[in-house]
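Student: One structure follows; several queries about it will come next.
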Amino acid sequence: MSDRDPDGATADATGGLQKLKVGGFRFWFVGARWEWSDEVARMHGYEPGTVTPTTELLLSHKHPDDRRNVQDLLDHALHHEGSFSSRHRFIDTAGAEHTVIVLADRMIDDSGAVVGTEGYYVDLTQNFEQVRQDALTGTLTDIFEARAAIEQAKGALMVVYGVDADQAFELLQWRSQHSNVKLRLLAAQIVAELGTLQFDGPALRNQFDHLLLTVHERVPPAG
């Protein structure tokens, strides 16, 4: 399988996927304790292991226009044992502005109790023109034009996360690679489960985050 084949999980992190920066995090409600992956630390401008992430540090990096909203989301997560997810901007240590999507789901302990939230930072701060050109060459042309499930899944991501078509496709590619599930199958399962979501009210984002992060577990076996 070619590493450029969007109909399957990519063989490595070459091509457009290499341009998408993704890092993981965990947030425990008790003690408001954070854990950042090395990638998230680097997004903020820190070498891994040189800083202990805290809520205060996290909020200090947020763009002034987005800081209050992020604070409100964190407060809501703490008081209602929900997941923290959003699209917002932050400023790294060098003064550069980043636009990120935070995808998160609830973190459950062995007893079934909700103890925190965990997920990913997806950094959208990049030039997607090259990604678009890559996507429109070779075998990807047929995918963009003919794969209805992929187009529908892209549309759902565009609506929920407020991203453009290229960014939505990159998110789908990332989930395909990370879960080792063919992109076509992953997209079809997302579309199949859209009817289970409640599209009225603020819970939509959290519902879709959960769907996107777990949908690979429900893709029917090939054949």
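Student: From the phi of every residue in segment 59-68, what ³J(HN,Hα) in whole Hz does the Karplus formula 6.51 cos²θ - 1.76 cosθ + 1.60 yield, where θ is phi - 60° and glycine or proline is x?
Tutor: Those phi angles translate into 5, 5, 8, 5, 4, x, 6, 10, 4, 5 Hz.
Student: Provide Rg over Rh for segment 21-123; use the alpha carbon set for both Rg and the Kirkwood Rh (inverse mean inverse pair distance).
Tutor: My calculation of the ratio gives 0.95.
Student: Which cross-chain or sequence-distant (5 or more) residues have an amide H under 5 Å from the amide H of PHE29, H modelled 1.01 Å from N in plane?
Tutor: Here the answer is GLY116, THR117, since their amide H atoms fall under 5 Å of that of PHE29.
Student: Follow-up question, since we're still on this one. Put a dot 7 Å past each Cα toward the Cβ at ALA165 and ASP66; how far apart are the dots in nm?
Tutor: My value for the distance between the label points is 2.5 nm.
Bear in mind these aren't lab numbers, they're just calculated from the coordinates by the rules spelled out. On a predicted model such as this, the values are computed, not experimentally measured, just so you know. Here Cβ is always computed from backbone atoms with ideal geometry, including for glycine, and neighbour counts include all displayed protein chains.
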